[in-house]
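Inspection log for the structure reproduced underneath, given as C-alpha cells.
The values are calculated or read from the model by the stated rules, or taken from the named source; none is laboratory data. Computed from a predicted structure; not experimentally measured. Positions of Cβ are generated from backbone atoms using ideal geometry, with glycine treated the same way; all protein chains shown enter the neighbour counts.
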Amino acid sequence: MEQKEYITKEKFKELEEELKFLKGTKRKEIAAELGQTSSMGDLKENAEYHQAREAQAELEHRIMIVENVLKTAEIITEGSKDVVGIGRSVTICKRGNEDCVTYKIVGAEESDSAQNKISTKSPLVSAMLGKKKGETFSFKAPAGQVDYKIINIE
C-alpha cells in the first residue's frame, strides 16, 4: 500500500510545473545532448556521452518521484487550529528551558530544516500530533527522552 504524501496546494502546483518542465524541456535537452555526444566516436571512452546518460537516468528518477508524490498526494486542508496537525505552525519549549522553537508541520516533500519546516514522518512531529496548546509530550531523542510543552498553535 502506498503511503500518502501530505502537501500544500501551492506545493502540488509547483510539482505539476516541475513535472511538465522535466518531461518537456529537460527531456529534449538531454536527448539533444545524447545525440550530439554519441556522434563523438567510441562510446566506451566517451565521457561526455556517459555524463549525458547519467543525467538522463537522474532525470527519469526525479520524474518517477514527482509522479508518485502527485499520485499519492493529499492536499492539506485547514483543520482545527486547536490541535497540532499538518499545515500548522507549532511553538514548543523544552521543559526547564526558556528557548522556544516554532516549527511548521509539512509533508516530507516540503520539509526544510533551514526554514523550520518538519515532516509528518519525523519522530518529533509524531509525538506532538493531536496535542493541544498547553499540553506536554515526550520525544525520544538520540541523547535520551526530552519533554516539551506546546506553547502555541497557528
If I ask for residues that are among the charged types (D, E, K, R) and surrounded by fewer than 16 Cβ atoms within 10 Å (Cβ to Cβ), which ones from the range 52-75 would you list? E54, E58, E60, R62, E67, K71, E74
Taking A32 as the residue in question, decide whether it is out of contact with any helix residue (DSSP H, G or I) (no Cβ under 7 Å at 6 or more places or on another chain) and over 30 Å from E110 (Cα atoms). yes
Tell me, please, whether a residue that is assigned to a loop (DSSP other than H, G, I, E, B), touching a residue at least 40 places away in the same chain (Cβ under 8 Å) and either of a type in the set (V, I, T) or more than 16 Å from T8 (Cβ to Cβ) (or both) can be found in the range 100-120. yes
For residues in the range 85-94 being at pLDDT 90 or above and surrounded by 16 or more Cβ atoms within 10 Å (Cβ to Cβ), which is nearest to K26 (Cα to Cα)? V90
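Given the criteria surrounded by 12 or more Cβ atoms within 10 Å (Cβ to Cβ) and charged (D, E, K, R), does K132 qualify?
no
Test T120 against the criterion of being at pLDDT below 90, within 30 Å of E18 (Cα to Cα), surrounded by 13 or more Cβ atoms within 10 Å (Cβ to Cβ) and not charged (D, E, K, R), and give yes or no.
The answer is yes for T120.
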Just a yes or no: is a residue in the range 60-75 more than 18 Å from the chain's Cα centre (by Cα) and either under 15 Å from E16 (Cα atoms) or modelled with pLDDT of 90 or more (or both)? yes
Only one of (1) in contact with a strand residue (DSSP E or B) (Cβ under 9 Å, 6 or more places away or on another chain); (2) within 27 Å of K4 (Cα to Cα); (3) of a type in the set (A, V, I, L, M) fails for A57. Which number is that? (1)
Can you tell me which of (1) more than 30 Å from L70 (Cβ to Cβ); (2) of a type outside the set (S, T, Y); (3) assigned to a helix (DSSP H, G or I) is the one A127 doesn't meet? (1)
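For the range 89-102, give me each residue that is on the phi < 0 side of the Ramachandran plot and out of contact with any helix residue (DSSP H, G or I) (no Cβ under 8 Å at 6 or more places or on another chain).
If the condition is that a residue be on the phi < 0 side of the Ramachandran plot and out of contact with any helix residue (DSSP H, G or I) (no Cβ under 8 Å at 6 or more places or on another chain), then S89, T91, C93, K94, R95, N97, E98, D99, C100, V101, T102 are the ones that fit.
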